[in-house]
1. In the range 112-248, if the dipole is taken from +1 on Lys/Arg beta carbons and -1 on Asp/Glu beta carbons about the Cα centre, which of V139, L235, H169 is farthest to the positive end?
2. Just how far, in whole angstrom, is the range 58-92 from the range 138-188 if you go by their alpha carbon centroids?
3. Sequence-distant or interchain residues sharing an amide H contact under 5 Å with D140, placed H: which?
4. Kindly write out, for the range 164-177 in residue order, the coupling ³J(HN,Hα) from the Karplus curve 6.51 cos²θ - 1.76 cosθ + 1.60 (θ = phi - 60°), rounded to whole Hz, with x marking Gly and Pro.
5. At R0 = 41 Å, how high is the FRET efficiency between K66 and R129 if r is their beta carbon distance? Nearest 0.05 is fine.
6. Taking the highest mean first, how do the peptides 214-227, 150-163 order by number of other beta carbon atoms within 10 angstrom per residue?
7. What residues have an amide H closer than 5 Å to that of E217, excluding those fewer than 5 places away on the same chain, when H is modeled at 1.01 Å from N in the peptide plane?
8. If amide hydrogens are placed 1.01 Å from N in the peptide plane, which non-local residues have theirs closer than 5 Å to the one on F133?
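The values are calculated or read from the model by the stated rules, or taken from the named source; none is laboratory data. Small disclaimer: the values here were computed from a predicted structure and weren't measured. Don't worry about glycine lacking a Cβ; one is built from the backbone with ideal geometry, like all the others, and counts go over all protein chains shown. Just so you know, the surface numbers come from the protein's heavy atoms only, side chains and all, with ligands and any DNA or RNA stripped out. Shrake-Rupley method; radii C 1.70, N 1.55, O 1.52, S 1.80 Å.
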Amino acid sequence: MDTIIGLGKAGCAIADKFAEYPQYKIFKIDSEGLDPKRKNCHLLKKQDSPEKYEKATRTMKTFFSKTTDDILFVLSGSGIISGASLQVLKNLKDKNVNILYIKPDLEFLGHTNIMQERVVRNVLQEYTRSGLFNRIFLVDNKRVEEVLGEVPIIGYYDKLNDLIVSTFHMVNVYNHQEAIHATPFDTADTTRISTLGILNVDEGKEKLFFSLDNIREKCYYYAINSKVLETDGKLLRTLTDNINKNIGKEVRAGFQVYSTSYEQNYGYLVVNTEKTNN
């Protein structure tokens with residue numbers, strides 16, 4: 001996922017957060033707030049309906065000519081610009097595409113936005129299940145707020161996006177590093193709908209960013225202080241006991257342990273399912 005493509009206000013804001021890490025190439029698409037003269041920014045003509053965005057969005061192969069083969073496409077479905085999403089994604093059909101989908105708080109959205117969000121989320125899930133996209137990561141802003149606790153109004157979305165992006169980034173980093181201890185774990189080809197989460201290493205308490213139905217797989221990432229790894233003879237048993245408490249009979253699990261210089265220990269997880277009704 002070396003290339004991040006943000007669509008719309010929410011997608012571009014998250015893309016900007018990924019830009020803080022040198023590993024990623026950033027592309028942004030919106031109908032306002034972007035300078036098309038800036039590198040990797042594409043301004044769509046503003047439309048008044050999702051259908052018009054879909055019809056008006058033309059080929060963007062030249063714009064995407066310098067993307068890497070691994071793509072993370074980021075969007076929220078509630079904005080009407082999300083109507084352009086499938087047309088944009090057509091330009092990436094030869095790439096390995098993962099989707100990071102942000103579900104907003106629907107409580108105060110208008111009827112059109114709520115319906116658009118539901119349609120986009122369901123369509124992208126179905127395309128992912130069919131194998132057109134590699135994986136879709138679902139994130140619910142309300143769940144992320146619950147993870148953070150009290151979040152002030154000023155900087156509200158910054159705080160949420162910081163947690164979403166830092167968690168995604170750390171999972172990506174560890175997927176490209178060799179663990180000091182790992183259990184064999186292969187995801188099934190059918191479990192392409194996912195979310196992220198964080199966990200308390202000592203207690204094993206998990207906090208997911210989206211409520212998934214019928215969870216089938218959990219992959220745990222533990223970032224542990226190197227001195228703790230050298231001296232704590234009970235750590236491995238603690239980790240495995242906590243995992244066993246959090247999985248049912250139908251859930252396959254694996255875990256990976258990484259040595260860090262951080263004083264605090266951190267835990268992350270990716271949870272997969274075949275289909276969700278939320």
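1. Most positive-ward Cα: V139.
2. So the two Cα centres are separated by 23 Å.
3. K103, F210
4. For the range 164-177, the Karplus curve yields 4, 6, 5, 5, 4, 4, 5, 4, 4, 4, 5, 5, 10, 10 Hz.
5. 0.85
6. 214-227, 150-163
7. Under 5 Å from the amide H of E217: R252, N272.
8. T128
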